[in-house]
Amino acid sequence: MKVIIAGNDHGRIYAVNNLGHYNIEAESQLIGVDFEADVEAIPMDSDTTVVLNFMDFQYALNWVHAARDCKCQCLILVHLKPSHHAYIDGQRASKIWQIVKLLNAGADDVQPRLRADELAGRILALQRRAGGNAFPKVKIGNLTICAHEYRVWVAGKPLHFTKKEFAVLICLSRVPGRVVSKQAIIDQVYGHLDGPESASVGVYICKIRKKLLAAGSTAMVANAHSCGFYLDHVERECAA
């Protein structure tokens, strides 16, 4: 999934840099006062997670309203420390009421300023649930994938993947058995950053297959008639 850190302070740059340590590739977007224009620059699909990094509650609330009014389906995590001096309809709003207002406006989660590791964990949890998977580990045959730990096991034995190989594998594991197009893989692995040509995705897929096959995995990445790829359980033939 694409991750965009959007806001009006320099904290967004800090967050982008730190998330990279947790294999989450994010990009920064400056938000001004023209909320509708800023929202239009954000991908509208549910494969995008937007982390709003604001200093001001009202800015965050206005942006969330603008996003949902534009039918934006992206996941929205508001990264905001509620203020003691926020007002709603002319009345001072408690910290709890500020959080409630943001959630009711369409935010998927509201959190105070978090450490990079906790922010990364919350982003992965939101993405996992949005993909219809509430479990932290995905098991397909004897293959186990844990996204937040960046670890893979085959029949209980650890299997190493490079950062990009792991990102592609995670993309496929979110929807086991369902076809994911080459472009969707590029979008989810690279976001708006300069990604590879679609042919390069095939290189990562080939490397993943070789490692899974060599490890004796009963889950394999398969082609879908040039439409894309999918990860599913396969029956392996026993030697005679």
With each pseudo-label sitting 7 Å past Cα toward Cβ, what's the R129-E40 distance in nm, one decimal?
3.3 nm
H233/D56 FRET efficiency (R0 45 Å; Cβ-Cβ; nearest 0.05)
0.35
Expressed as a whole-number percentage, the relative contact order of the stretch 137-233 with C-alpha contacts under 8 angstrom and at least six residues apart is 33 percent
Share of alpha-carbon pairs per 10 Å distance bin for the stretch 137-233, given as whole %:
16, 55, 26, 2
Would you please give the FRET efficiency between S94 and Y150, computed as 1/(1 + (r/R0)^6) with r the Cβ-Cβ distance and R0 = 41 Å, to the nearest 0.05?
0.60
Among the lysines, which have Cα under 28 Å from the Cα of K163 when same-chain residues fewer than 8 positions away are ignored?
K2, K137, K139, K182, K207, K210, K211
Applying 1/(1 + (r/R0)^6) with R0 = 25 Å to the Cβ-Cβ distance of S200 and N18, what FRET efficiency is obtained, to the nearest 0.05?
0.40
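Just so you know, all these numbers are worked out from the coordinates, no wet-lab data involved. What you see is a predicted model, and the numbers here were worked out from it, not measured in a lab. Positions of Cβ are generated from backbone atoms using ideal geometry, with glycine treated the same way; all protein chains shown enter the neighbour counts.
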